[in-house]
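Student: Can you read through this structure? Questions will come right after.
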Amino acid sequence: MGDERPEMIEQHDLVDRIAALQEEVDQLRRAVASHAVVDQAIGVVIAVSGLRPEQGWEVLREVSQRTNTKLRVVAAQVVRWADCGALPEPTRTTLSTVLAAHHPPLGRALVRRPYRPWGVAERERSPRA
């Protein structure tokens, strides 16, 4: 390395620094997107259960830990559940159990009952034109 010119060393350091900064920017973008999904999932949990936001966070965290699934994955599943009514196993049973622990009168019934977005039932009953 003793025969490299100082300009080449500086240029190499700059390239390494740019690569490191690009990786950091990519990580921050993923974190912001993940945070938005987690916030949406908390909203779903509190909307269907009547829990407070901090309890919604605890429910998601607990489901994530019990199922050994990343929190952002559980959050994405919960957000999809609000949209299409499907929640995969073991997330469905674990969410049911955790909600029942946090809000006994509602917990199990909320997750078992299929959720349909507004207007779906009416569209299914009406004949297609």
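Student: Return yes when Pro105 is modelled with pLDDT under 95, under 20 Å from Asp39 (Cα atoms) and not in a helix (DSSP H, G or I) and no when it is not.
Tutor: no
Student: When you scan the range 34-68, how many residues do you find that are outside any helix (DSSP H, G or I) and at pLDDT 95 or above?
Tutor: Qualifying residue count for the region: 1.
Student: Among Ala41, Ala86, which is the only one that is among the small types (Gly, Ala, Ser) and either surrounded by 13 or more Cβ atoms within 10 Å (Cβ to Cβ) or touching a residue at least 12 places away in the same chain (Cβ under 8 Å) (or both)?
Tutor: Exactly one residue qualifies, and that residue is Ala41.
The values are calculated or read from the model by the stated rules, or taken from the named source; none is laboratory data. Small disclaimer: the values here were computed from a predicted structure and weren't measured. Glycine also receives a Cβ, built like all others from the backbone with ideal geometry; neighbour counts cover every protein chain displayed.
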